Each structure stands twice: as structure tokens, then as C-alpha cells.
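S.K.: Let me begin by handing over the structure; questions about it come next.
Here, each number is a calculation from the coordinates, and none is a lab measurement. The shown structure was predicted, so the numbers you read here are calculated from the model rather than taken from an experiment. Cβ placement follows ideal geometry from the backbone for every residue including glycine, while neighbour counts extend to all protein chains displayed.
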Ligand SMILES: Nc1ncnc2c1ncn2[C@@H]1O[C@H](COP(=O)(O)OP(=O)(O)O)[C@@H](O)[C@H]1O
Ligand SMILES: [Mg+2]
């Protein structure tokens, strides 16, 4: 996709070589495609075309930095960062260059300017060095800090439920089970109802599991810790239950906090590679941490997601653990309408018939709809540059591109159907059967 877009952009540029926004876009695509040398060349051309273009200068600095041409990057950024109208990005880049040059305190200063300007600024490398992302470390020694590696787990999402189309049932469950116990804790206590336990989301890929987990944190202004499949696999390859413990500790220290385990099936005992003892230890560790959350839970909300719930150890489903299991189904027609509206927000459109598009995109996941719009935007961009005008997106543009996107949910259902039919212990997968309109 990137390569094709780059090729198209180059063709469009042949028509209008002085088009600055188009060339900027190309340079960014090249950076993104890790073609740093060509990106550098494009940024240099841009600065010739438009000597005051700060975006191009910052891009050039980035391309140089990524090729380890540090002194050039340094000179550019020093100039950029001493202007009055800087952005956080310039200071972040400068900080990264300063680190490589061994100027740690200057780097810290620059990173502070960046985070003051734009509080949401994060950069894994700089966060690890300068932020103390895991609450306070007074009671930990240096070695423990290091074992976190240089990855910063803490996020502060800005998306909320209104950025999530459809999924009404999932939103309701999350509200009842984990948001209200936090926001109305007195009420829950009055009825002797304990908060705690987590929600496990399962369903086909691309239908919004990760998206809604992040939005849950944004909805209640909480921090978000996303532990992905790779983190989990790294932990068990390294035999490191301690790291898992530290993540739970981090959540407790950062409350209110949504602790999210993405693709939690990586912890599943049904995977043959998890049957060895390191895997077993890690699972046990996880389960006892979950139980510990119940004991001292206030303010830590646990969510997990998986595309393959059948790989998950049944012990995860006991009360107080993931005792609420929710099927996240592909968006229905009205959910698709909402997702399309979200995806088209802030884009130039004309006379769009959302219902027409959503009725023609059965079996599309939210992610498929997003890539449909991406394809259309890319086409319009090129068209606009060739014609020198901003062309609004029309219904026809979108319906004409539908064939280019393959709905990705079908394959999942062929697998899921088998589990639902033949391994449906205690009706665990009834929702799948209902969705497929198969009689139980
Ligand atoms: N219900 C939805 N509302 C809005 N966007 C969605 C929705 N579902 C999916 N998306 C879009 O698709 C992308 C991928 O979805 P994701 O949450 O990663 O899927 P999953 O975790 O279920 O595999 C999201 O980042 C979002 O842009
Ligand atoms: Mg996901």
C-alpha cells in the first residue's frame, strides 16, 4: 500500500513539481516507509522550494537523525527550537538528538519544554529516561527500575465512547461492571456489592476491542496501560513473572487506571507452547495478581481482549477474574453508519449518503471501514493535486472502492463456528450461535 502510494505521489509530482504540500506528503510517506535517504532528499528539495518551511526543516532533521547524521540534525533543530513559534515535536526531536550527543541535561530541558507545551507528548525513549511513569519509585531499587526496560506503559487516552460507533451492549456492560463501581463506589458498598473482576472481550479482529478499551480510560479520565501480546510473550520467554507483578503494581500506583491485556490468549494454557513450566508459572502469577486486584482493587479496572477465547485457560473465567465475557460482533448497519461518520469527520465531503455505503459494506469490520476510507482519501489526494483543487469525497468515490477492501470478519467465523458448535461448554459461545442464527 505504501509503495503504491509513493509511486502515485511521485507521478502526481511530475505534473506539479513545485507543489509543496504534495512533496511534504511524499517525504512523510518515505520516512514512514523507512526510506530515510530519499526522504532527506525530498526535504532538502522542499527547503529549496520554500526556505521558511519549518515542517520541512523538522522533517529533514528527523531523516538525518534516523540516519545518524547527528550534527546536521543538531544544527537544524537548534535553529528551529529557538524560534517563538515552536511545536512540541521540534523539542522532542531536539531532545532525542541531544541524548545521542551525550547531552542529557540539555535533552531533559528540551523534553520538559515539549511536555509543557503539549502535555500529551510521549516518546518511549525519553519517557523512560525522564518521566517517572510508574508513580513514585521511592521503594524500588535501581535494578527493579531497569527491569521495566525502556518501554513506557502508561497512556492518557483522549478518545471516549463517542469515538466508538455502535457497540452499545459492550458500552453498557463496561459502564455497569467497571465504570459505575468506580464512580459510584458508595452505592455499590451500600448494597454490599464488591467491585472487581474484569471483562473479557472476544470476537473477530478489527471490530473495536482495543479501541473501546482505550476509550473506556478516556471516558473516565483514567490512565491506560496496554499490555500487548509481545509483552506477554517476552515475559514468559524470559521467565519473568516479576515483570508482570510490576505492571500490576504500576496500575495500582496510577489509579484510576484501566489495565488492558490485549490478545490475552497468549497466556492460554491450551497453547502447546505454554504447557511448559515457565508458561504455567506465568499463568499462575497472572491469576494471583487478578485475585490481588480484587483485594485492593479500588480504581484499577481490568479489561482483556482476544480473538481466540478458546485458547484461554478456563481458570481465567472464575469469579473475580474475567467473569464477564462479552462477544464483540461485527458492526451492524447502524453501527457501520456511526463508524463511517467518525471516519469521515473533518474530511471534505459532498452529498454523502452514509446509509447507502453502510448497506453495501456487510461483513466489514470497523478496521475494514477505516481502510476503505483510507483508500478513498489517498485517491482523492492524488486527484486533487493533479487538478490543483480540493476535491470533496462523494458517495460514488466510496462505493467505487468497496471492491478493493476485503471484509475480514468471515474467516474468523468459520473457525468460531466450530468451537461454538462442538466446544460450547456451559453455553459460553451462545452469542456466536445467535449471531450466525444457528439454533442451540
Ligand atoms: N466500533 C468502532 N468505532 C470506531 N472505530 C472503530 C470501531 N471498530 C473498529 N474501529 C477502527 O478500527 C481500528 C481497529 O480496531 P481495533 O480496536 O484495533 O480492533 P480489535 O482490537 O477488535 O482487533 C480502530 O483503531 C478504529 O479506528
Ligand atoms: Mg486489538
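S.K.: Using r as the Cβ-Cβ distance of residue 14 and residue 82, and R0 as 60 Å, what FRET efficiency do you calculate, to the nearest 0.05?
M.R.: 0.95
S.K.: Hey, another quick one. Applying a 10 Å radius around every beta-carbon, put 368-375, 281-288 in order of their mean neighbour count, most first.
M.R.: Taking the mean over residues of other Cβ atoms within 10 Å, the ranking is 368-375, 281-288.
S.K.: Roughly what would the spin-label model give for residue 117 and residue 105, points 7 Å off Cα along C-beta, in nm?
M.R.: Label-label distance for residue 117 and residue 105, simple model: 2.3 nm.
S.K.: Right, something else. Assuming a ≥ b ≥ c are the square roots of the Cα gyration tensor eigenvalues, decide whether the chain counts as rounded (a/c under 1.5), prolate (otherwise, with a/b larger than b/c) or oblate.
M.R.: Oblate, since a/c reaches 1.5 and b/c is not below a/b.
S.K.: How high is the FRET efficiency from residue 49 to residue 175, r the C-beta distance, R0 51 Å, rounded to 0.05?
M.R.: Computed FRET efficiency for residue 49 and residue 175 comes out at 0.45.
S.K.: Per the helix-only calculation at 222 nm, which mean residue ellipticity applies to the chain, given -39500 (n - 2.57) for every DSSP H run of n ≥ 4 and division by its residues, nearest 500 deg cm²/dmol?
M.R.: Using -39500 (n - 2.57) per qualifying helix, the result is -16500 deg cm²/dmol.
S.K.: Additional query: If you build a Gaussian network model of the chain, linking Cα atoms that sit under 10 Å apart, which residue out of 351, 332, 84 swings the most?
M.R.: 84
S.K.: What angle do you read, to the nearest 10 degrees and between 0 and 90, between the alpha-carbon axis of helix 36-49 and the longest principal axis of the chain?
M.R.: The angle comes out near 50 degrees.
S.K.: Mean-square fluctuation check for the chain, GNM, Cα pairs under 10 Å: which of 81, 207, 257 is largest?
M.R.: Between 81, 207, 257, it is 81 that shows the largest mean-square fluctuation.
S.K.: Here is a further query. If one takes the longest principal axis of the Cα atoms in the chain, at what angle in degrees, from 0 to 90 and to the nearest 10, does the Cα axis of helix 241-253 lie?
M.R.: The answer is roughly 80 degrees.
S.K.: Another question about this same structure. Could you give the nm distance between label points at residue 162 and residue 440, where each point is 7 Å from its Cα heading toward the beta carbon?
M.R.: 3.7
S.K.: Quick one: length gained pulling residue 333 to residue 230 fully straight, 0.36 nm per residue minus the C-alpha distance?
M.R.: 33.7 nm
S.K.: Does anyone have the angle between helix 54-66 and the longest principal axis of the chain? Alpha-carbon axes, 0 to 90°, nearest 10?
M.R.: Its long axis makes an angle of about 70 degrees.
S.K.: While we're looking at this one, here's another question. Taking the Cβ-Cβ separation of residue 406 and residue 430 as r and a Förster radius of 25 Å, what is the calculated FRET efficiency to the nearest 0.05?
M.R.: Using R0 = 25 Å, I get an efficiency of 0.30.
S.K.: Can you sort 440, 104 by how many other beta carbons sit within 10 Å, fewest first?
M.R.: Least crowded to most crowded, the residues run 440, 104.
S.K.: How would you rank 326, 229, going from fewest to most other Cβ atoms within 10 Å of each one's own Cβ?
M.R.: If I rank by nearby Cβ atoms, fewest first, I get 229, 326.
S.K.: Same structure again: Gaussian network model of the chain, Cα springs within a sub-10 Å range: biggest mean-square fluctuation belongs to which of 223, 396, 255?
M.R.: Evaluated over the chain, the most mobile residue of the options is 396.
S.K.: Additional query: Between residue 71 and residue 422, how many nm apart are label points set 7 Å from Cα along the C-beta direction?
M.R.: In this crude label model, residue 71 to residue 422 measures out at 6.8 nm.
S.K.: In addition: Assuming 0.36 nm per residue, please report the length gained on full extension of the stretch residue 284 to residue 245 beyond their Cα-Cα distance.
M.R.: Once the chain is fully extended between residue 284 and residue 245, it gains 12.9 nm.
S.K.: Additional query: Taking the highest mean first, how do the peptides 354-360, 309-315 order by number of other beta carbon atoms within 10 angstrom per residue?
M.R.: Result, highest mean first: 309-315, 354-360.
S.K.: Write down the percent of antiparallel bridges among all DSSP beta bridges whose residues are both part of the chain, to the nearest 5.
M.R.: 10
S.K.: Next question, about the same structure. Using the 10 angstrom Cβ neighbour count as an exposure proxy, how do 183, 409 rank, fewest first?
M.R.: Listed from fewest to most nearby Cβ atoms, that is 183, 409.
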